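Every number here is computed from the coordinates shown, using simple stated rules; none is lab data. Keep in mind that this is a model prediction, so the values were computed, not measured. Here the Cβ positions follow ideal geometry from the backbone for every residue, glycine too, while neighbour counts run over all protein chains shown.
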Amino acid sequence: MAKGIFIGACDKSIHLIALATFLTRLGRKVLLVDATITQRLAYYTGLQQTRHISILNWNGIDVMGDTVNWGDMEQEIKRQGGDMSFYDDVIIDTDRSTFGNAKQWQAADIRFMTHTLERYALYRNIEWLQTVQLHDNGEPLEFISLQLRSVDPDAEAAFIAELYHSGFSHRWVREPIAIAEGEQDWIAQMEHEHEGRFEAASYMRSTKRAWRALTECFTGELPDKVWKRCLRTEKKGRNRYAAM
């Protein structure tokens, strides 16, 4: 099982839906956890409309909302009659420094620090780093940098590294993954949000390249034929029912 945590005070919901969709199309059982304050994933998938269901299956992906911390996540899965091992991949979206303790942050297989150049997003990330490092066990964590709304990836990466430097005792483990999020992406996202679906073909070519890099962080390198199958939408429309 691969556990991936996406940390950052910016909207990354469409990219996590894309990642979860591709992993599902590879035959993997995926849980997508919204542990953010804004609960954007719950709104995208319609989970917020079904309060009697804590885990909703949306287009083949199990989606969990209203999760405050790691223990809350595990308990809710148990209440549904399962455990973490039920899933091949668990993808967690959070902007809460209190979501996990040092041992739980270490337990994640992949950690992404997600940024835009908005001052709010950057300084919320710095606050997260400072809070976590006050309570860690001295073990540096490894992060992959995910840069959203990116225009000049190299310059942005240098700026972020310099800004975080004084509070960042952890390690970047590869080159950043940068996504431009152009007008074409925005139009596709709005259309799909309101129709309750996701179709990768509607997005920019550069976005799909970044999504491939993101997916391969979980799967390892994918052959071109396999990746092309991931991009295809087999059926359209909503698919919502109780999960597990």
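Among 226-234, 23-31, sorting by the average number of other beta carbon atoms lying within 10 angstrom of each residue, highest first, gives 23-31, 226-234.
Using just the Cα positions, wrap the chain in a convex hull and report its mean projected area in square nanometres, one decimal place.
Details: hull surface 49.3 nm².
Its Cα hull, projected and averaged over all orientations, spans 12.3 nm².
Length available on full extension from E118 to D72: 0.36 nm per residue minus the Cα-Cα distance, which gives 13.5 nm. With each label modelled as a point 7 angstrom along the Cα→C-beta vector, the E127-M204 pair spans 2.9 nm.
The convex hull of the Cα atoms of region 27-121, projected and averaged over all directions, covers 7.0 nm².
Considering only beta bridges that DSSP places wholly inside the chain, some 20 percent are antiparallel.
Note on M190/E216: beta-carbon distance plugged into 1/(1 + (r/R0)^6) with R0 of 22 Å gives a FRET efficiency of 0.20. Spatially close Lys pairs in region 2-230, defined by Cα atoms under 29 Å apart and a spacing of eight or more places or different chains, total 21.
Expected output is a single nm value to one decimal: the length gained when fully extending between A155 and D83, i.e. 0.36 nm times separation in residues minus the C-alpha distance. What is it? Don't skip to the answer; put the middle values down first.
Details: separation 72, 0.36 × 72 = 25.92 nm, distance 4.24 nm.
The A155-D83 span can extend by a further 21.7 nm.
Comparing mean-square fluctuations of K12, K225, K103 from a GNM of the chain with C-alpha springs under 10 Å, the top value falls on K225.
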